[in-house]
Amino acid sequence: MAGRGDCGDGAGARQHVFLLPEYLKDASKKMKSGLMFVKLVNPCLGEGALYLFNMCPQQLFEIKVFKEKHHSWFINQSVQSGGLLHLATPMDPLFLLLYYLQKADKEGKFQPLDQVVVDDVFPDCILLLKLPELEKLLQHVTEEKVNPEIDKKKYYKYSKEKTLKWLEKKVNQTMAALKTNHINVGARVQSSAFFSSHQVSSDKEEDYICYAHGLISDYIPKELSDDLAKHLKLPEPSASMPNPPTKKVKLSDEPVEAKEDYTKFNTKDLKTEKKNSKMTAAQKALAKVDKSGMKSGSTKTEKEQVTADPHKAWLLLMSLKTLPEGSGFFFCVLENHQMPKDVHIC
Amino acid sequence: MESSDEEDVVKYRVHLRPITLRNAAPATLHFLPCEIPVNRPAPVERFFTPAIRQGPRGLEVSFRGRSLRGEEVEVPPSLVGYVMRMEEKGEVSGKQDFPEGSEDEEEQELLEPPEALERDFDRFMGASASFSRFTVWGLETIPGPDAKVRAALTWPSLAAAIHAPVQED
Amino acid sequence: MDLSELERDNTGRCRLNSPVPAVCRKAPCALGVDEAGRGPVLGPMVYAICYCPLSRLTDLEALKVADSKTLSESERDRLFAKMEEDGDFVGWALDVLSPNLISTSMLGRVKYNLNSMSHDTAAGLVQYALDQGVKVAQVFVDTVGLPETYQKRLQQCFPDIEVTVTAKADALYPVVSAASICAKVARDQVVKNWQFVEKLQDLDIDYGSGYPNDPKTKAWLRKHVEPIFGFPQFVRFSWRTAQSILEKEAEVVTWEDSPTEEDQVGHGKITSYFNEGHRTRPRLPHRYFQERSLESATTL
């Protein structure tokens, strides 16, 4: 827009939209034992990330942000650009400690924790040393020694063996949660409009363990993630990088009931199809159909439909040749929409 | 944009005033399917709210001549929504940091070295409002269960499982 | 004309009708279609039908109905009142399309242009008369767009009816003149009694004719532009006049289907994404997070 920016608008302060655990409201009644945002390392990437630290009781929270193009907030009588939504959730601090223990392990010796958890870039890492039950936590990933002659101080050394056992437990408890939360862990869904109805039931144990491993890998360095994969005897990842997610992916965490059961003719073939990361020509065509037309049917108001033309509907019969063998037919009805290009009409 | 905010956490610790979490008044939030590139007051109550209709399939409104469909989304259980603002640097005053008439115990705490209150170093943030639900709007279609923002709200329950302490052997 | 239903909610569309004269269910009728308020940037577009038995057309002509544009407001009101008096053989029905409906349809993901909207509304009203039991034998329509395509379209919808689509039908056929009077009277009344959905302060109701080239209308638009919300729903956002004022005086709002620069110069964005990916793609977050547009926060 011309001639009017938000700069210099005194009331234009940024507002941050957050979801916080409810108990934080009561946990910290005193300022000094309050809450603060600190920058600490992201143990997966080695880069900085934002965390929330509760001083009393000492607790670490990671912060994820929902960030998608083309969103804004109306907050009471104001507008906030960006449409960000921050979620603060409790984080196991051992992932961060592990990052420093692994780093220090290059020296190959037992060290006191305050010599391990040091960071010039993220000096606030010393907050981690104040966490409760630290010693108990560290048992999962270290060997420890006490020197009774000099002091009662404990000395720690990273233990890969113990760490992998600990991570395996993490993977297992994550797997259990994936199941109870009905997270769709199967191979990538190409198009929710066509492949969703049987998705949930087809997820296999192997899919769950791979998925859980992937989630845990977001909290550990790459090398450790690879070691964990070997430890869990996961199949070698396929050579191709996973594609960025398709624009519309079935995300419901609830089992989805098929509205019309036109999948029963081809369920078997679609399952095998999923394994194939390449799209067939027909799938491409269908994806295109989905994107260009499927939504349009629901865009008109009902009132409009009262007087709108009798629905112009295209019934597309996909040629058998363009689909995997034995797939049968796809039916696709596009209401009030032009025939999509690239789709072969029989 | 306010790049200063972004640098804050690198240079400073940003303290969240706990008392504001308890005193934040409820707010009405709408999550819109478009980018409006400004942060400033807007007459939502006069232009937007009165135009919302309850249609047969959810809420309806229009914004800038485009049709929106919406639905209320609850903040997941055991979470609370907050709108937070960074305080201007000069805004910080000693009194303001603490609840009036604080208990003796709290006074005691204050006498300890104010480690967390290195004034030059620290910035302060407070919750200006709270919410337990918000309205998610989709462009011409109801966001529905597949809306990414809804899916994002399932994260806290999975995070709880990932970050729970492991079972001891 | 009782427009109270519309005054309760003017965000969608509203159909109004006279009782169907008993004679129109027995004798073959002529039915005229016309509209009012197609061009203005403000207010609704009103479609109207008016019908009477072929045998009573001379009685309708005797009322001296004429093209509504050639009549003053008071003459139109008087003629409409006369038609109401003659309710034993003249019937009418209206469809009021709110400016909000026009805006949201024309600006939709799937564009629904004003001509299609007009044609569909006209056809809808004819169908409505048929559904009410009116024995429609002939339909006369003042054209919107090319008369040939419009005629073909209507004739296809109503194969058993003799359809005549022509320019200046409102001057040539008394049923069309009568329909044009109904439409114009309704539009004037709706505009005059417009219940703004918005709670506006200092509302100035001197908006002139509502036509884009009326300086009063333009001045009104400029005065009532709001940087975030644009205009009240009384304004048709899809009109060029409204759009160009918004471009200058309001914030630029971007939607997921807004045309981008990439769209205009081909698909440069996609190729560059993949090229980049091969060289320097950082370790991506797990698909769980990607599918939810979640990432680790790095700043406030």
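The sole residue among A:Y99, A:Y156 that is more than 13 Å from chain B (Cβ to nearest Cβ), over 26 Å from B:A160 (Cβ atoms), crowded, with 21+ Cβ neighbours inside 10 Å and out of contact with any Phe, Trp or Tyr (no Cβ under 6 Å at 6 or more places or on another chain) is A:Y156. Within the range C:61-68, one or more residues are at positive phi, assigned to a loop (DSSP other than H, G, I, E, B), touching a Leu at 6+ places or on another chain (Cβ under 8 Å) and not hydroxyl-bearing (S, T, Y). Checking each residue in the range B:58-88 for being at pLDDT below 95, assigned to a loop (DSSP other than H, G, I, E, B) and more than 14 Å from chain C (Cβ to nearest Cβ) picks out B:P77, B:S78, B:E88.
Within the range C:100-152, the residues that satisfy the criterion of being of a type outside the set (A, V, I, L, M) and in a strand (DSSP E or B) are C:Q138, C:F140, C:D142.
Could you pull out the residue among C:Q195, C:Q151, C:Q189, C:Q155 that is within 14 Å of chain B (Cβ to nearest Cβ), surrounded by fewer than 21 Cβ atoms within 10 Å (Cβ to Cβ) and modelled with pLDDT of 90 or more?
Unique residue meeting the criteria: C:Q195.
Cβ-Cβ distances below 9 Å connect the following pairs, each with a first residue in the range B:155-169 that is more than 15 Å from B:L79 (Cβ to Cβ), a second residue that is among the hydroxyl-bearing types (S, T, Y) and surrounded by fewer than 20 Cβ atoms within 10 Å (Cβ to Cβ), and a separation of six or more residues or different chains: B:A161/A:T180.
Looking across the range C:275-299 at every residue that is at pLDDT below 50 and facing chain A (nearest Cβ under 10 Å), the one that is nearest to the chain's Cα centre (by Cα) is identified as C:G277. Please work out if B:A25 is among the aliphatic types (A, V, I, L, M), in contact with a strand residue (DSSP E or B) (Cβ under 9 Å, 6 or more places away or on another chain) and more than 13 Å from A:F74 (Cβ to Cβ). Yes, satisfied.
Out of the range B:127-169, which residues are more than 7 Å from every other protein chain (Cβ to nearest Cβ), among the hydroxyl-bearing types (S, T, Y) and either assigned to a loop (DSSP other than H, G, I, E, B) or closer than 30 Å to A:L134 by Cα (or both)? Residue satisfying the conditions is B:S132 alone.
Considering A:V116, A:V141, A:V146, which residue is surrounded by 15 or more Cβ atoms within 10 Å (Cβ to Cβ), touching a strand residue (DSSP E or B) at 6+ places or on another chain (Cβ under 7 Å) and either at pLDDT below 90 or within 14 Å of chain B (Cβ to nearest Cβ) (or both)?
The unique qualifying residue is A:V141.
The values are calculated or read from the model by the stated rules, or taken from the named source; none is laboratory data. Since we're looking at a predicted model, the values are computed, not measured. Cβ sites come from the backbone with ideal geometry, for glycine too, and all protein chains shown count toward neighbours.
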